[in-house]
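Notes follow once the structure below has been shown.
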Amino acid sequence: MTQAVARGHTVKAVVRSSSYQAPPGVEVIRGDLTDAGFLTRAIQGADAVISALGLRMPGIAPLARPEVPDFLTRATPALVAAMKEAGVRRLLAISAGGVGDSEATASCVEKPRSDFLQAPRGSKSPSPLEWSVQDPATQSVDSKRSGEGLRA
């Protein structure tokens, strides 16, 4: 975010946490990330969305469990719907798994993201969004390389 601001971009951080502190020059918008209406208003006028949606996992692995297990199941389709409504076509999502080649080994926590970031095999309808998923733990998947689209 700091680099984007330094390069003259307008940057908004749309967050659910009331304690989040953004770097200088970043506008913070707090709200319900599962509410498509809220998200539509928050991203209106944006050129792109960078999503780091994730689960809060309090505790120490392997005992950690998500605070809200269905968060991605509700937030991902809300974000896709908001992007379509706001006319924002570009999405970069940061993921820890469950997309592309890691789909087969995805946990029940990661699976919802996979379900919404990949069109069903054999789908003839083009994706309304240009998307890329960057998985820092393994590899990246993107719609141009894989030929799979994003569906709502």
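The number of residues in the range 32-56 being part of a helix (DSSP H, G or I) and β-branched (Val, Ile, Thr) comes to 2. Scanning the range 37-47 for residues that are in contact with an Asp or Glu (Cβ under 7 Å, 6 or more places away or on another chain) and under 20 Å from Trp131 (Cα atoms) yields one hit, Thr40. Restricting the range 35-50 to residues that are touching a helix residue (DSSP H, G or I) at 6+ places or on another chain (Cβ under 8 Å) and farther than 14 Å from Ala81 by Cα, the residue that is surrounded by the fewest Cβ atoms within 10 Å (Cβ to Cβ) is Gly45. Scanning the range 8-28 for residues that are under 23 Å from Leu129 (Cα atoms) and hydrophobic (A, V, I, L, M, F, W, C) yields Val11, Ala13, Val14, Val15.
Residues in the range 19-34 that are surrounded by 15 or more Cβ atoms within 10 Å (Cβ to Cβ) and either in contact (Cβ under 8 Å) with a residue 24 or more places away in the chain or at positive phi (or both): 3 in all. When you scan the range 83-96, do you find a residue that is hydroxyl-bearing (Ser, Thr, Tyr) and either loosely packed, with under 12 Cβ neighbours inside 10 Å or at pLDDT below 90 (or both), even just one? Scanning the range 83-96, I find at least one residue that is hydroxyl-bearing (Ser, Thr, Tyr) and either loosely packed, with under 12 Cβ neighbours inside 10 Å or at pLDDT below 90 (or both), so the answer is yes.
The values are calculated or read from the model by the stated rules, or taken from the named source; none is laboratory data. These numbers were taken from a predicted model, which means no experiment stands behind them. Counting neighbours? That spans all protein chains shown, and the Cβs are built from the backbone with ideal geometry, glycine included.
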